[in-house]
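Participant: This is the structure I want to talk about, given as structure tokens.
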């Protein structure tokens with residue numbers, strides 16, 4: 001028999017998620033409306049949340065997120081959450097395809113690896129968790145750059161020289177701009193021997209509750225093995241894994257189609 005849900009807890013979190021900006025002050029009535037709760041029950045829950053410090057009451061009876069949420073956020077990082085939630089899924093993906101899988105986030109214009117799983121006989125990929133990589137020459141980076149707002153993406157493209165790491169690296173701002181536009185349309189990215197001359201890599205976004213890319217998931221293999229036919233198989237498996245990871249990170253959302261254009265924030 002399944003454990004019954006505690007609806008009061010779910011309603012309280014619905015109220016907390018109703019805040020759209022950390023600096024906004026919102027009435028109890030508006031928070032209840034956003035959370036689809038009756039005003040009376042919403043108000044009672046907000047009073048409890050105020051007592052424990054999860055919300056703070058300000059002028060004219062308006063509320064904003066409280067210090068309790070800030071203190072709790074210090075106990076966990078996005079990288080830790082992603083690594084823990086993805087390990088089993090990435091292990092199965094690597095085993096299924098016999099290659100190396102990576103999970104990464106974008107930090108200050110650089111790709112930061114938060115997880116890596118390889119099979120014993122997989123093609124050697126010279127990466128490690130915690131290391132950083134230029135974003136313009138990797139599948140992971142292209143996915144994460146394509147998800148940026150237009151102004152931020154353009155700022156990255158124009159900020160510094162695009163150094164060639166291999167004869168196949170994109171070094172023209174115009175070419176990178178066109179590549180990222182295509183990544184947005186296709187919903188995935190390919191590193192075609194751009195970072196390592198004998199390697200190809202396919203990457204897809206990991207989406208949050210609102211459909212924004214919070215990370216990127218990739219699979220890398222030797223260029224000879226990563227044919228177009230194998231790339232399609234890898235893409236399908238990556239989309240499935242990214243969708244499963246999204247469900248683990250945000251378990252109350254409804255499943256959506258995995259393959260979709262990458263939305264700029």
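Participant: I'd like to know if the stretch 55-65 contains one or more residues that are outside any strand (DSSP E or B) and in contact (Cβ under 8 Å) with a residue 60 or more places away in the chain.
Facilitator: no
Participant: Touching a strand residue (DSSP E or B) at 6+ places or on another chain (Cβ under 6 Å) and either in a helix (DSSP H, G or I) or at pLDDT below 90 (or both), is that true of residue 30? Reasoning before the result, please.
Facilitator: Values: touching a strand residue (DSSP E or B) at 6+ places or on another chain (Cβ under 6 Å): no; either in a helix (DSSP H, G or I) or at pLDDT below 90 (or both): yes.
Considered against the rule, which asks whether it is touching a strand residue (DSSP E or B) at 6+ places or on another chain (Cβ under 6 Å) and either in a helix (DSSP H, G or I) or at pLDDT below 90 (or both), residue 30 comes out as no.
Participant: Here is a further query. For the stretch 19-34, which positions are surrounded by fewer than 18 Cβ atoms within 10 Å (Cβ to Cβ) and more than 13 Å from residue 69 (Cβ to Cβ)?
Facilitator: Across the stretch 19-34, the qualifying residues are 20, 21, 23, 24, 25, 27, 29, 30, 33, 34.
Participant: Let me ask something additional. Within the stretch 240-259, does at least one residue satisfy the condition of being at pLDDT below 95, in contact with a strand residue (DSSP E or B) (Cβ under 9 Å, 6 or more places away or on another chain) and over 29 Å from residue 10 (Cα atoms)?
Facilitator: The answer is yes; a qualifying residue exists.
Participant: Same structure again: Identify, from the list 105, 114, the residue that is assigned to a strand (DSSP E or B), touching a residue at least 24 places away in the same chain (Cβ under 8 Å), in the same structural domain as residue 194 (by TED's automatic domain parsing) and more than 25 Å from residue 171 (Cα to Cα).
Facilitator: Matching residue, one of 105, 114: 114.
Participant: Name every residue in the stretch 123-152 that is touching a helix residue (DSSP H, G or I) at 6+ places or on another chain (Cβ under 6 Å) and not in a loop (DSSP other than H, G, I, E, B), in order of residue number.
Facilitator: 142, 145, 146
The values are calculated or read from the model by the stated rules, or taken from the named source; none is laboratory data. Owing to the predicted nature of the structure, the values given are computational and were not obtained by experimental measurement. For neighbour counting, all protein chains shown are included, and Cβ atoms are generated from backbone atoms with ideal geometry for every residue, glycine included.
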